[in-house]
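Here is the structure we will look at, set down as structure tokens.
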Amino acid sequence: MSKTAIVYASTHHGNTKKVVDAIAKEFEGDLIDATATTEKDLSEYELIGFASGIYAAQFHQQVKNFAQANLPQNKKIFFIMTSAMNKDFSKSMAESIKGKNAVIVGEFTCPGFNTYGLFKLVGGLQKGNPTEEEIKRAVDF
Ligand SMILES: Cc1cc2nc3c(=O)[nH]c(=O)nc-3n(C[C@H](O)[C@H](O)[C@H](O)COP(=O)(O)O)c2cc1C
């Protein structure tokens, strides 16, 4: 079986961590917390995922830094994101993977509980998300 790594950052409510933990439980693969690890040789991995909560429409800065510093040439990669708006924010990774000839094989997005700023006053957005169903959807992905 091909070796997979998922590089992630999940600093708000652990929403993204829930998703990547569920995936790692089902499949062989290594999780790398980009907020704890900044350097790693990824050459042995055939497939590399970048997973992040979305902060101000961006992947976490440390996921971006990690990709820029450590993504080898010619890898298959995928993106996983959780956000309040549940949109595809993967373009925010473009600069970090520039010149690495990566082939993007998939993108997964799901809603994530958000209590940032004013949203805190209304009990947060997307409460209860990601749900079991969304986590299952991530594993299927
Ligand atoms: C500082 C901050 C900025 C955020 N900016 C956005 C945003 O621009 N768009 C969006 O859809 N969600 C935004 N969110 C919501 C988060 O993306 C969402 O809660 C996500 O699931 C957090 O993932 P995590 O718990 O894995 O860190 C923001 C949250 C925080 C704390």
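The values are calculated or read from the model by the stated rules, or taken from the named source; none is laboratory data. The structure displayed is predicted, hence computed values, not measured ones. Using ideal geometry, Cβ is built from the backbone for each residue, glycine included, and neighbour counts are taken over all protein chains shown.
Out of everything in the range 54-63 that is farther than 15 Å from L31 by Cβ and touching a strand residue (DSSP E or B) at 6+ places or on another chain (Cβ under 7 Å), what residue ends up being nearest to the ligand (Cβ to nearest atom)?
I54
Since E26 meets every condition but one in (1) away from the ligand (no atom under 15 Å from the Cβ); (2) buried (at least 18 other Cβ atoms within 10 Å of the Cβ); (3) modelled with pLDDT under 95, which condition does it not meet?
Going through the list (1) away from the ligand (no atom under 15 Å from the Cβ); (2) buried (at least 18 other Cβ atoms within 10 Å of the Cβ); (3) modelled with pLDDT under 95, E26 breaks only (2).
Determine if the range 34-46 includes at least one residue that is among the basic types (K, R) and under 29 Å from E133 (Cβ atoms).
From the range 34-46, those among the basic types (K, R) are 40; that's our starting set.
Narrowing the set further to residues that are under 29 Å from E133 (Cβ atoms) leaves none.
No.
Just to be sure before I move on: is D33 charged (D, E, K, R), more than 10 Å from the ligand (Cβ to nearest atom) and over 19 Å from Q73 (Cβ atoms) in the structure I sent?
Yes, satisfied.
Pull up the range 81-102, narrow it to residues that are of a type in the set (S, T, Y) and within 16 Å of the ligand (Cβ to nearest atom), then point me to the one that is nearest to V139 (Cα to Cα).
Filtering first and then ranking leaves T82.
Return the only residue of F66, F50, F78 being in contact (Cβ under 8 Å) with a residue 12 or more places away in the chain, in a helix (DSSP H, G or I) and either in contact with a helix residue (DSSP H, G or I) (Cβ under 6 Å, 6 or more places away or on another chain) or away from the ligand (no atom under 12 Å from the Cβ) (or both).
Values: F50 fails: in a helix (DSSP H, G or I); F78 fails: in a helix (DSSP H, G or I).
Only one candidate qualifies: F66.
Here is a check on your reading of the model: is N129 touching a residue at least 24 places away in the same chain (Cβ under 8 Å), within 12 Å of the ligand (Cβ to nearest atom), assigned to a loop (DSSP other than H, G, I, E, B) and touching a Phe, Trp or Tyr at 6+ places or on another chain (Cβ under 6 Å)? Before the answer, list the steps.
Details: touching a residue at least 24 places away in the same chain (Cβ under 8 Å): yes; within 12 Å of the ligand (Cβ to nearest atom): yes; assigned to a loop (DSSP other than H, G, I, E, B): yes; touching a Phe, Trp or Tyr at 6+ places or on another chain (Cβ under 6 Å): yes.
Yes, satisfied.
Report the residue count in the range 1-47 for those that are in a helix (DSSP H, G or I) and in contact with a Ser or Thr (Cβ under 7 Å, 6 or more places away or on another chain).
4
Would you mention how many residues in the range 1-33 are of a type in the set (G, A, S) and either in contact with a His (Cβ under 7 Å, 6 or more places away or on another chain) or more than 18 Å from E107 (Cβ to Cβ) (or both)?
Residues of the range 1-33 of a type in the set (G, A, S): 2, 5, 9-10, 14, 22, 24, 29.
Okay, now just the ones that are also either in contact with a His (Cβ under 7 Å, 6 or more places away or on another chain) or more than 18 Å from E107 (Cβ to Cβ) (or both), so 2, 9, 14, 24.
Matching residues across the range 1-33 total 4.
Can you report the number of residues in the range 92-140 which are modelled with pLDDT of 80 or more, over 13 Å from the mean Cα position of the chain (by Cα), more than 14 Å from K18 (Cβ to Cβ) and not acidic (D, E)?
Looking only at that region, the number is 11.
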